[in-house]
Amino acid sequence: MSQKKYRSGYTQIGELLIQEGLITQPQLEQAYNKQKHTGERIGVILVNMGIISEQSLLKGLAKQLNIDYIPAPDLAKIDSDTAGIIPEHLARKHLAIPFKKVHDSLKVIMADPFDLLSIDDLQRITGMDIKPAISSGKDIEAAIAQIYKPKEEKRILEVLENLQSTQMEVEKKTDEEGPDLETIKEQVEDAPIVKLVDYIITNAVNKRASDIHVEPQEGNVLIRYRIDGVLYDIISPPRNLRMAITSRIKILSNLDIAERRLPQDGRFTIKYNNREIDLRVSCVPTIFGEKIVLRLLEKTVFGFQFEKLGLDTNQLEIVKHYMYQPYGMILLTGPTGSGKSTTLYAILSRIRSPEKNIITIEDPVEYQVKGINQIQANFKIGLTFANGLRSILRQDPDTIMVGEIRDQETAEISIRSALTGHLVFSTLHTNDAIGTVVRLINMGIEPFLVCNSLSLAIAQRLVRRICVECREAYTPSSTLLENFGLKPDKREEILFYRGKGCNACNYTGYLGRVGIFEVMVMTQDIRNLVLQNALPSIIKRKAQENGMTTLLESGLHKVIQGVTSIDEVMSTCIEEE
């Protein structure tokens, strides 16, 4: 059989890499020692240790097996007819894609040409003599995703081709003569453009996207989705469809399609599969046209469980203690999209009861929570956080939630509310828990007021969960472990995981997100340091002495539990000094 011929008489990969001058004998011995503990292949260990690059390993393996190495640019040239020889589900299962057919033989690019069972399976399915080649697994996944496009997406792309000629005239007229509103409205109400925009939105819902980006480029329009916090390219309609796509979205959002020089904000709601989705739309002018971002918010009753946020056992007990107090202030902090609102809703859902009057003022009301009175801020008519908060205080509240403290006035009213018998929740934008104190003081709040009102400061981030369907153990590089602050004697005690990539996670290796937290209690020690105008680093050190877990430490706990990867935590948290 041909699959046995290509392996006959091959040199061990370690010896071959030494011959090529890519590694040394001591480095190979070090890899062998690791192999005794992990059971991984020598080449994989050498790459994870940072001794050689993946490309060097693949070229070495190709030479070892006397097969071809196919780089990523050549993968992009594979036509769909050739790829169709192997069904998509088998291509994904075996990480193999047909490259070239010659008579009764088929060259197949594989991530693992050592896998004889896969080769036998492909040979049985195709009835052809399989000749393996090798390439990067990630590059093969990308090629599969590109070549085996969903039928609906292919149909959409065909629609795009048919639209190009008609839309070119509209684009030319609007660029040279100013917007011809009647022509634009006529074009964007055509069925093809309506179907295209509908597909962009519904496909985003199906892929669990939180945001849709419509970005005009020099030669096309790039459609991207943010999924689990990461942006992915989806489709690239030609540039001459830019005006039709943006105008269709602006019409849905009740925005002025004639205004292309100023930013605009709007919103609209869709119903899809018995789900009501609220879309917040932001439009800003760029050098290539208007860029639009749509934030997707599901308008269903909030149902996220407090215990599943990601707080560890000790943090859970601390937050539970303070969220049931009759008064005080609890602030959540972190960048946009770090899950602060989700945490607040989960807390409010837990503490609500018929005996409590809970009122919120938000911008926007992202989730509807039963038993809570929610107010939508409207800055155009003067219903700001500060003005709304004044009215809330006349509504006999027990618990108040302010969407965000953005200015001194809102901060002062919130603190006064906390000092006069109300439990107040809100958010700030700072990097860590200690930053909440610094931010309030910088807003003009007196330190003694901060100390007397603030009970708890919680910083949080979101990290992606490793997909449980394709999770595998591996050994990270020594450099990465050193950067993570793990001592050599501790590394052998921890089993590290990563996602290999599968259909369930769209071949990203991650599915969903979980929070990592830094919970700082305003103890008397911390209050004394704040009143003494101590440096944030000194306050943080004291908080850690009192038992505070930092964001990085919280991330490490998730790594040890196998929930997320070390790379994900390192990309989210700053290394601690």
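Descriptive notes on the structure:
- Selection count where residues are within 27 Å of Gly337 (Cβ to Cβ) and surrounded by fewer than 22 Cβ atoms within 10 Å (Cβ to Cβ), scope segment 400-412: 5
- Yes/no for Asn66 being over 16 Å from Ile109 (Cα atoms) and either open to solvent by less than 40 Å² (accessible area, probe 1.4 Å) or among the polar types (S, T, N, Q) (or both): no
- Qualifying residue in segment 436-443 (condition: more than 31 Å from the chain's Cα centre (by Cα), open to solvent by 40 Å² or more (accessible area, probe 1.4 Å) and among the hydrophobic types (A, V, I, L, M, F, W, C)): yes
- With respect to (1) farther than 30 Å from Ser105 by Cα; (2) without any contact (Cβ under 8 Å) to a residue 24 or more places away in the chain, the lone exception for Lys59 is condition (1).
- Only listed residue being touching a Phe, Trp or Tyr at 6+ places or on another chain (Cβ under 9 Å), among the basic types (Lys, Arg) and either open to solvent by 70 Å² or more (accessible area, probe 1.4 Å) or more than 25 Å from Ile200 (Cα to Cα) (or both), chosen from Lys308, Lys271, Lys320, Lys340: Lys320
- Enumerated strands (runs of 3 or more DSSP E) restricted to segment 201-313, each holding at least 2 residues that are closer than 30 Å to Tyr507 by Cα and of a type in the set (S, T, N, Q): none
- Put simply, of Asp432, Asp398 the only residue that is farther than 17 Å from Met522 by Cα and acidic (Asp, Glu) is Asp398.
- Applying the criterion of being in contact with a strand residue (DSSP E or B) (Cβ under 7 Å, 6 or more places away or on another chain) and open to solvent by 50 Å² or more (accessible area, probe 1.4 Å) to the residues of segment 375-391, the residue that is nearest to Leu348 (Cα to Cα) is Ile375.
- Among residues of segment 222-244, those that are at pLDDT below 90 and open to solvent by less than 20 Å² (accessible area, probe 1.4 Å), counted: 6
- If the condition is being in contact with a helix residue (DSSP H, G or I) (Cβ under 8 Å, 6 or more places away or on another chain) and either open to solvent by 20 Å² or more (accessible area, probe 1.4 Å) or touching a residue at least 60 places away in the same chain (Cβ under 8 Å) (or both), then segment 245-254 contributes Ser247, Arg248, Ile251, Leu252.
- Residue check, Asp278 open to solvent by 60 Å² or more (accessible area, probe 1.4 Å) and within 28 Å of Val221 (Cα to Cα): no
- Evaluation of Val450 against the conditions (1) touching a strand residue (DSSP E or B) at 6+ places or on another chain (Cβ under 7 Å); (2) at pLDDT 95 or above shows that the sole unmet condition is (1).
- Residue count for segment 461-480, restricted to those that are outside any loop (DSSP other than H, G, I, E, B) and at pLDDT below 90: 7
Results for (1) modelled with pLDDT of 95 or more; (2) part of a strand (DSSP E or B), shown as yes or no for each residue.
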| residue | (1), (2) |
| --- | --- |
| Asn431 | no, no |
| Leu456 | yes, yes |
| Ala459 | yes, yes |
| Glu482 | no, no |
| Lys490 | no, no |
| Asn503 | no, no |
| Asn506 | no, no |
| Arg513 | no, yes |
| Ile516 | yes, yes |
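- Considering Ser426, Ser338, Ser391, Ser353, the condition of being farther than 24 Å from Thr523 by Cα and either under 29 Å from the mean Cα position of the chain (by Cα) or of a type in the set (A, V, I, L, M, F, W, C) (or both) is satisfied by Ser338 alone.
- For Arg92: the one exception among (1) open to solvent by less than 50 Å² (accessible area, probe 1.4 Å); (2) basic (Lys, Arg); (3) more than 18 Å from Lys500 (Cα to Cα): (3)
- Conditions (1) assigned to a strand (DSSP E or B); (2) of a type in the set (A, V, I, L, M, F, W, C); (3) surrounded by fewer than 17 Cβ atoms within 10 Å (Cβ to Cβ); number of the one not met by Phe425: (3)
- Of all the criteria given as (1) modelled with pLDDT under 90; (2) over 30 Å from Gly219 (Cβ atoms); (3) outside any strand (DSSP E or B); (4) in contact with a helix residue (DSSP H, G or I) (Cβ under 9 Å, 6 or more places away or on another chain), the one not satisfied by Thr343 is (1).
The values are calculated or read from the model by the stated rules, or taken from the named source; none is laboratory data. These numbers come from a predicted model, not from an experiment. Glycine gets a Cβ as well: all are built from the backbone with ideal geometry, and neighbour counts include every protein chain shown. Remember, those area values only see protein heavy atoms, side chains included, never the ligands or the DNA or RNA. Shrake-Rupley method; radii C 1.70, N 1.55, O 1.52, S 1.80 Å.
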